Structure formats: structure tokens, C-alpha cells
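*Asks:* Let me begin by handing over the structure; questions about it come next.
The values are calculated or read from the model by the stated rules, or taken from the named source; none is laboratory data. Note that the coordinates shown come from a computational prediction; the quantities given were computed from them, not determined experimentally. Positions of Cβ are generated from backbone atoms using ideal geometry, with glycine treated the same way; all protein chains shown enter the neighbour counts. Keep in mind that these areas ignore ligands, DNA and RNA; they rest on the heavy atoms of the full protein, side chains included. Shrake-Rupley method; radii C 1.70, N 1.55, O 1.52, S 1.80 Å.
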Amino acid sequence: MLVLSLDSSSIASVALSRDGEVLERFDTTDTRSHAEALAPAVQELMARAGLTGADLDAVLVGTGPGPFTGLRAGLVTARTLGFAWDLPVHGLCSLDAVAHRVGPLALAAGHPEFAVAIDARRKELYWRRYRVAEEGGVVVLPAGDPQVSAPKQLPDVPCYGSGTALYPDRVPRPAVEGTDVAPSAADLARAAWSVTSRGGELSTDTSPLYLRESDAKVPGAPKRATS
């Protein structure tokens, strides 16, 4: 399976992968230029790999949770490419990308249950709980739905992901280096392959996981002037 993956839940990132092996990738730490960065990154990676849309088998996109504007950029780009290239578009929770990356480390550290947390702004974190086991290989499974809350409301289990560094005094961080990572398209591709290689199926639902209302509000009716 040759897959183009995109994730904009945190950073803007793109990856080309074959059967879970990442061939090309793009990541930016700029969290305010997702819409401007994604399409040119896709074009550059495809050109560098000598591929066209006809060579791909599917498009994969991270569904969040994430901020409204940034998350929409990735979802719209993925849906547009899928439509233009007549490809199936699959959605996967962006937190799952981090979970599958750190799962082996969590298991080696003796953490059969853990959480992944990333920045949600407003002094909150997006997070999800997972369990991991050795069953003919490392298997990472969600143990609940994605959530958004204050750091102190996270479950009392070791926590991985980029959100842990933001609140080191309130989040139970594990003593495992290199796990303060944000969701990326490359990790999303590897997570998807982990699912499908075990006989699982990816969802075709690309609905965004916003988890809370937008900051933007429809203005009310103007007040009448009084004499």
C-alpha cells in the first residue's frame, strides 16, 4: 500500500509511505501556516519520489483533536486530493499516531497503560488513554475516547506526548527520553499500517475531533439606538 498521509492537529506534516515504511516526509514547527504549507509540501514530496496521484492507493489524514483552523487545513487538503485523484480517504485519531510510536517504550518501561497528551491551549490538554501488550508484537489499543481537560484531570497513569512538557508539575511524566512528541504524518502512517497489518480496517470517517466549541462566535443582532 502506497499512502499519502497528512496531519495538522499540531504541526503541519506530510508523509509518503509504503506498507508503513516512510519514504519521504515533511514537518514544520510553525503552527500558524498549515493551509499555506500542506499543498506545496505534498507537491514537493510527490515530485521528489517521482510519483503522481495515480500511483497512490489511499490518502490518510489525522482527525485530531486539534484547533479548528489548523485541523481543518489538513482535512480539507486530504479530502480534496482524494476527490481529485479518485482515492479512498481514511481518518485516524492523531493521538493514536503518538501512541503507536511510544507504545514499545511504554511497554519496556513497565507501563501497560498510559496516556498521550498534546497542547489544547486555554491551559488545557487533548488526551487519550491507551493500553499496550506483547501479543506477537507490540499491540496498542485505545482505552477510552479522546478528551480535553485541565492537566490535573488526566488519569493517574504515565503520560507521553508533547503536552507533558507544558505542565511538568501537574502531569505524571514517565522517565523515558524522547517521548515528548507531537502527532506527525509519518507516525500516523506507521500507526495505520500497524492496524491494517493485523487485519484491522481503517475508518473512512474524516470528521474532525474538535471536542469543544469554536472561539469564533456569530455576532448577535445590533442593538437599536435609543434617543
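*Asks:* Would you confirm whether any residue within segment 172-181 is in a helix (DSSP H, G or I), closer than 25 Å to Asp19 by Cβ and touching an Asp or Glu at 6+ places or on another chain (Cβ under 9 Å)?
*Replies:* no
*Asks:* Determine, yes or no, whether Pro65 is within 24 Å of Cys159 (Cα to Cα) and modelled with pLDDT of 95 or more.
*Replies:* Answer is yes for this residue.
*Asks:* Any chance you could count how many residues in segment 80-93 are open to solvent by 10 Å² or more (accessible area, probe 1.4 Å), free of Cβ contacts under 8 Å to residues at least 40 places away in the same chain and either of a type outside the set (A, V, I, L, M, F, W, C) or under 18 Å from Val195 (Cα atoms) (or both)?
*Replies:* 2
*Asks:* Output the residues belonging to segment 47-79 that are free of Cβ contacts under 8 Å to residues at least 40 places away in the same chain and farther than 30 Å from Trp127 by Cα.
*Replies:* Correct list: Ala47, Arg48, Ala49, Gly50, Thr52, Gly53, Ala54.
For (1) of a type outside the set (S, T, N, Q); (2) more than 16 Å from Ala106 (Cα to Cα); (3) over 16 Å from the mean Cα position of the chain (by Cα), each residue gets a yes or a no:
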{"residue": "Arg122", "(1), (2), (3)": "yes, yes, yes"}
{"residue": "Pro146", "(1), (2), (3)": "yes, yes, no"}
{"residue": "Leu166", "(1), (2), (3)": "yes, yes, yes"}
{"residue": "Ser184", "(1), (2), (3)": "no, yes, no"}
{"residue": "Glu201", "(1), (2), (3)": "yes, yes, yes"}
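*Asks:* So, in segment 94-134, how many residues would count as being in contact (Cβ under 8 Å) with a residue 60 or more places away in the chain, outside any strand (DSSP E or B) and open to solvent by less than 10 Å² (accessible area, probe 1.4 Å)?
*Replies:* Total satisfying the criteria: 7.
*Asks:* Further question on the same structure: Pick from segment 22-41 the residues that are touching a residue at least 60 places away in the same chain (Cβ under 8 Å) and under 14 Å from Arg190 (Cα atoms): which of them is most open to solvent (accessible area, probe 1.4 Å)?
*Replies:* My answer is Arg25.
*Asks:* Tally up the residues in segment 147-172 that are in contact with a Cys (Cβ under 6 Å, 6 or more places away or on another chain) and open to solvent by 20 Å² or more (accessible area, probe 1.4 Å), please.
*Replies:* Kept after step one, since they are in contact with a Cys (Cβ under 6 Å, 6 or more places away or on another chain), are these residues of segment 147-172: 171-172.
Filter once more, so that each one left must be open to solvent by 20 Å² or more (accessible area, probe 1.4 Å): 172.
Adding up the residues that qualify gives 1.
*Asks:* Additional query: Do you know which of the residues in segment 135-146 that are open to solvent by 40 Å² or more (accessible area, probe 1.4 Å) and either over 18 Å from Gly200 (Cα atoms) or not in a strand (DSSP E or B) (or both) is modelled with the lowest pLDDT?
*Replies:* Going through the qualifying residues, I end up with Gly136.
*Asks:* Pairs, please: C-beta under 6 Å, at least 6 apart or cross-chain, first residue basic (Lys, Arg) and in segment 151-179, second part of a loop (DSSP other than H, G, I, E, B)?
*Replies:* Lys152/Arg170
*Asks:* Leu105 versus (1) over 19 Å from Ala192 (Cβ atoms); (2) aliphatic (A, V, I, L, M); (3) modelled with pLDDT of 95 or more: which is the lone unmet condition?
*Replies:* Condition (3) is where Leu105 drops out.
*Asks:* Considering only residues of segment 180-190 that are among the charged types (D, E, K, R) and in contact (Cβ under 8 Å) with a residue 60 or more places away in the chain, which is most open to solvent (accessible area, probe 1.4 Å)?
*Replies:* Arg190
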